[in-house]
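Quick note: the coordinates plus some simple rules give every number you see, no bench work behind them. All values reported here derive from a predicted model rather than from experimental measurement. Positions of Cβ are generated from backbone atoms using ideal geometry, with glycine treated the same way; all protein chains shown enter the neighbour counts.
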Amino acid sequence: MFKKEIPPAPKSKLKSSVQRGIRQSILETYPLLARHIEEIIPKKASLEQMKLPDRAALYILDGEPLFWEHDDFEPLLPHLKLVHRFPEAFPSIRIDRGAIRFVLSGATLMAPGLTSPGGRLPAPRDVPEGGEGADEEGRWSRELKKGEPVVVMAEGKVEACAVGVLVEGTAEIKEKGKGPVMEECHYLGDGLWMLSTD
Amino acid sequence: MMAETQRQEIVTEPQSRRVTYCGVCSLPPEYCEYGGTVKKCQDWLQKNEPALYDTIWSPEALEAATASLSVEAQKRAAKDAQKKAAKAQAAEAKQADKLANSHIVIKRIERNKKKFVTAVIGLEAFGLELKKVAKDLGKKFATGSSVTKTPSGGEEIVVQGDVSDEIEEFLLEKYKEIPEDNIELVDDKKKKKAAAAAAGAAG
Ligand SMILES: [Zn+2]
C-alpha cells in the first residue's frame, strides 16, 4: 500500500461533525478500543487530516498519526504507532520469523507464514462479552472474516509489524494452507511509517 | 488496606504504552536487524537503552532467534542482510556526496532605502521543510517570515529585516548536518544594476 515514499502534505482541521463520525466508525470497527477512546481522541480534541496519494487519508491528533483510510477499503485502519500504544485492542494473527523480512519489504503475506509452527491463527473459544482477545500463545479468541482489519504480530517479537485487511478468512487460511492472506498493508518502515506528521 | 489497593488496581484502565523507537532507523529496535543500518542501530541502542540492547542483542537472545530458522533460511537471511547493508551504504555515500555539494545562500536584499529582507535559499537539499523553518525563524526573530516561490520554480524563505548573521548562527546551531562551509552569505545591493544589465543584454 505504501511501498513508496509519501510526500508530506499540509494538514487540515476536520469539522466537528466529521470528527464525530470518525470516532463513531472507530468504535464500531474496534469495539475493544471503547475504553481507550477518550485517550485516543478526547471529545474536545481537534483532529486533523492529511491527504495521502491514491485517495488515501491519514488522521492525526497533535502530530500523532492515528488512523488511515483508503477509498476502496471500508474500515479505518490504525497506524502502527497506535497499534503499539494499544496492542490488545486489535484482532491479530502472527507470522513466523522467516516471513518477517518479506512482509517488511512489502511482499504479499502468504498463508504458509501463518500455518507453520512459528505462526499463529485464531483458536476459537468461549469468552465473556467484551472479553475477546489473544491467549498467551497469541491466538485470537474467534475466527476472523475476509475483509476484517487485522494486526500482524511476529514470532519472537513484542511489537506488531503490519496491519491490513484479510483477503481470506482465518478459517479458510487454515483449511487451504496456501494463497495470499493480506495484499495491501501498512508495515514497519513503509512510506506511511516514515511520513513526518509533526 | 490490602483490599483497597487491589480494588484500585481493578478500576485502573490500561493506559497507552510508550514504545521506544530506534533513533537511527525509526523502527522498534527488535526490528533493526531487517534494515540496512544494523551496526549504527546497535551503537545507538547500546548507548541510549542499554537494557533493551541486552534483551535484543545478547548472545542468548540471538541464539534463540536463529534457532527457529532452518539452515537454508539462515543463509538466505544473511545474504539478504548483506545486500541491504550494501544498499544502505551506497545510499548513505550518495547522500553525503549530495550534502557536500549543496549550498545554502543567505542573501541580504535591499528592498528600498534602509529596508532589507533576507532570503534563505537551498535548505531543501538538507531535507528541511521550508514552511517549518520559516515559522521557526519568524518566531525566533519576531518578524515576518514566509516561503515564496522563486522565478526559477523553486522555493525560498524570505525573512523581514537584515538578519543574515543571526540566521546563519541559528541554522548551524539547530541543524548539525549543515557544514559551516556550505553556507554562503551574500549581499544583493547591486541587484538592480545587475538585473538592468541582464535585461539590456537580453534586449
Ligand atoms: Zn534501528
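Before moving on, here are some points about what is shown:
- In summary, the lysines within cross-link reach of A:K51, defined as a Cα separation below 21 angstrom excluding same-chain residues under 8 places away, comprise A:K3, A:K4, A:K11, A:K13, A:K15, A:K81, B:K131, B:K132.
- Compactness of chain A as Cα Rg over 2.2 N^0.38 Å, two decimals: 1.00
- For chain B, the fraction of alpha-carbon pairs in successive 5 Å shells from zero, as %: 1, 6, 10, 11, 11, 9, 9, 9, 8, 7, 7, 5, 3, 2, 1, 0, 0, 0, 0
- Paramagnetic label reach from B:D187 (point 7 Å along Cα→Cβ; backbone nitrogen cut-off under 20 Å): within the stretch B:157-174, residues B:159-169.
- Using only the C-alpha atoms, the convex hull of the stretch A:15-73 corresponds to 83 Å³ per residue.
- Highest average packing first - B:140-146, B:157-163, B:45-51, Cβ atoms within 10 Å: B:157-163, B:140-146, B:45-51
- Only DSSP H runs of four or more residues enter the estimate; each adds -39500 (n - 2.57), and after division by the residues of chain B the mean residue ellipticity at 222 nm equals -16000 deg cm²/dmol.
- Extents of the stretch A:87-187, largest first, come to 38, 28, 24 Å (Cα atoms, principal axes, whole angstrom).
- In this structure, A:A45 and B:E180 have a Cβ-Cβ separation that, at R0 = 35 Å, corresponds to a calculated FRET efficiency of about 0.25.
- The stretch A:1-103 pair-distance distribution - Cα-Cα, 10 Å bins, rounded %: 13, 45, 32, 9, 1
- In the protein assembly as shown, the C-alpha radius of gyration followed by the widest Cα-Cα span (Dmax) gives 26.0, 93 angstrom.
- Looking at the stretch B:19-77, the pairs of alpha carbons with a distance over 17 Å make up 40% of the total.
- A convex hull fitted to the Cα coordinates of the stretch B:101-200 yields 108 cubic angstrom per residue.
- Convex hull volume per residue for the stretch A:109-154, taking Cα atoms only, in Å³: 92
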